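Asks: Quick one: the structure is below, and I'll ask about it shortly.
The values are calculated or read from the model by the stated rules, or taken from the named source; none is laboratory data. Treat the numbers as computed from the prediction; the structure is a model and nothing was measured. Reconstructed Cβ throughout: ideal geometry from the backbone, glycine too, with neighbour counts over all protein chains shown. Accessible surface is based on the protein model in full, side chains and every heavy atom, while ligands, DNA and RNA are left aside. Shrake-Rupley method; radii C 1.70, N 1.55, O 1.52, S 1.80 Å.
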Amino acid sequence: PPTPTPITGFPSGLSVVAFFTDGYSTFATLSDGSFWAWGQNNNWQLWLWDTTDRLVPTQVSVIPLWTYIMDYYTNYSSSFVRWSNGQVYAWWGNWNGQLGIGNTIHPILAPTLVTGFPMWTNVIESKSLRNSDSSYALLDNGSLYTWWNNGAGELGLGTITPPIPSPTMLSGFS
């Protein structure tokens, strides 16, 4: 059977407090709040400003001041990060509006703010499943928003429409 092997390359004295992997790329937040990435990077998904795969953890240096990463996730075409200030940023594939940034420009190489939420609300959870065509965000006011593909009505908006590239509130949740 395979033997677990410690991942090296992090600064000494720090520990991993959160991580996520999609099986191709891996991200970790360390105890000092720094964000690290490694693995496949053919579509800029590691947020390192190039397409070079990383065989060891590499620090990602474009973290906004006065905030830290609460959650990050990726699906087969996009990457998302939720900051401690309640904002969600997205990058990578966007040909069907899957990033929720209001357009279908592809690719998006720099993390871009997902907009369309009411002022003075924070995203407390945001998810997009691997091999799924829908994304969701739960706000601190109890409302639920969705975006991306809606060709089979999978967003729950009561219609079958072309892709929805901006977050849209689902009725009945507040």
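Asks: Residues in the range 87-105 that are touching a strand residue (DSSP E or B) at 6+ places or on another chain (Cβ under 7 Å), open to solvent by 10 Å² or more (accessible area, probe 1.4 Å) and assigned to a loop (DSSP other than H, G, I, E, B): how many?
Replies: 6
Asks: Among the strands (runs of 3 or more DSSP E) contained in the range 1-84, which hold 1 or more residues that are open to solvent by less than 10 Å² (accessible area, probe 1.4 Å) and hydroxyl-bearing (Ser, Thr, Tyr)?
Replies: The qualifying strands (runs of 3 or more DSSP E) are 25-30, 69-74, 78-83.
Asks: Can you confirm whether Asn85 is within 20 Å of Ser34 (Cα to Cα), out of contact with any helix residue (DSSP H, G or I) (no Cβ under 9 Å at 6 or more places or on another chain) and modelled with pLDDT under 85?
Replies: Yes, satisfied.
Asks: Look at the range 143-167 and say how many of its residues are more than 15 Å from Thr104 (Cβ to Cβ) and either in contact with a helix residue (DSSP H, G or I) (Cβ under 9 Å, 6 or more places away or on another chain) or open to solvent by 30 Å² or more (accessible area, probe 1.4 Å) (or both).
Replies: Matching residues across the range 143-167 total 8.
Asks: If you don't mind, there's one more thing I want to ask. Under 6 Å between Cβ atoms, at least 6 apart or on separate chains: pull out the pairs that start in the range 127-156 with a residue that is under 18 Å from Gly86 (Cβ atoms) and end on any residue that is basic (Lys, Arg).
Replies: Taking only residues 6 or more apart or on different chains, the pairs are Tyr136/Lys127.
Asks: Here are some conditions: (1) more than 17 Å from the chain's Cα centre (by Cα); (2) closer than 25 Å to Ser34 by Cβ. Thr112 meets all but one. Which one does it not meet?
Replies: Unmet for Thr112, out of (1) more than 17 Å from the chain's Cα centre (by Cα); (2) closer than 25 Å to Ser34 by Cβ: (1).
Asks: Considering each of Thr121, Thr159, Thr115 in turn, give the residue that is under 14 Å from Gly97 (Cα atoms) and either of a type in the set (Ser, Thr, Tyr) or at pLDDT below 85 (or both). Show your work before the answer.
Replies: Values: Thr121 fails: under 14 Å from Gly97 (Cα atoms); Thr159 fails: under 14 Å from Gly97 (Cα atoms).
Among Thr121, Thr159, Thr115, only Thr115 is under 14 Å from Gly97 (Cα atoms) and either of a type in the set (Ser, Thr, Tyr) or at pLDDT below 85 (or both).
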